[in-house]
Amino acid sequence: MSKKVIIGVNVSNRIKKAKDVQKLLTEYGCNIKTRIGLHDVSGNFCSPTGLLMMEMFGDAKTIKEFEDKLKAIEGLEVKKMVFNG
């Protein structure tokens, strides 16, 4: 039975942290099966916060390494969900 791992990241300063986050997303790109990014935007407003949700692929050690590197970036809140089956 394989597990489904979802990592959620709340970015409090999207503009300032985007470069650091994007570097990790590129480094672990082969371990990210699905990625969804959300932030508020309108005609004259683009939110400085954002939310990323990623469905992970790969071994537990690599996924944990990715999670730990995300947690090391100041201003990110990182949560993980694991589903059996």
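Derivation of every value follows stated rules applied to the coordinates shown; laboratory data play no part. Given the structure is predicted, the values throughout are model-derived calculations rather than measurements. Neighbour counts run over all protein chains shown; Cβ positions are idealised from the backbone, glycine included.
Quick check on the chain: helices-only [θ] at 222 nm, where DSSP H runs of length 4 and up contribute -39,500 (n - 2.57) each and the sum goes over total residues. Nearest 500, please. After summing the helix terms and dividing by the residues of the chain, the value is -9500 deg cm²/dmol. Compactness of the chain was expressed as the Cα radius of gyration divided by 2.2 N^0.38 Å, which yields 1.13.
Extension gain, Leu51 to Ala72, is 5.9 nm, computed as 0.36 nm per intervening residue step minus the present C-alpha separation.
So, counting K/R as plus one and D/E as minus one, what does the shell of residues with Cβ under 14 Å around Val11 add up to?
On the way: positive: Arg14, Lys16, Lys17, Lys19, Lys23, Arg35, Lys71, Lys79; negative: Asp20, Asp40, Glu74, Glu77.
Surrounding charge for Val11 is +4.
Could you please report the charge total around Met81, scoring K, R as +1 and D, E as -1 over all other residues with beta-carbon less than 11 angstrom from its beta-carbon? So the surrounding residues net to +3.
Neighbours of Ala60 by Cβ distance under 13 Å: Lys/Arg scored +1, Asp/Glu scored -1, total +1.
The relative contact order of the chain comes to 49 percent, based on Cα pairs under 8 Å that sit 6 or more residues apart. Counted residue by residue at 0.36 nm each, then reduced by the alpha carbon distance between them, the extension gain from Ile36 to Lys16 reaches 5.3 nm.
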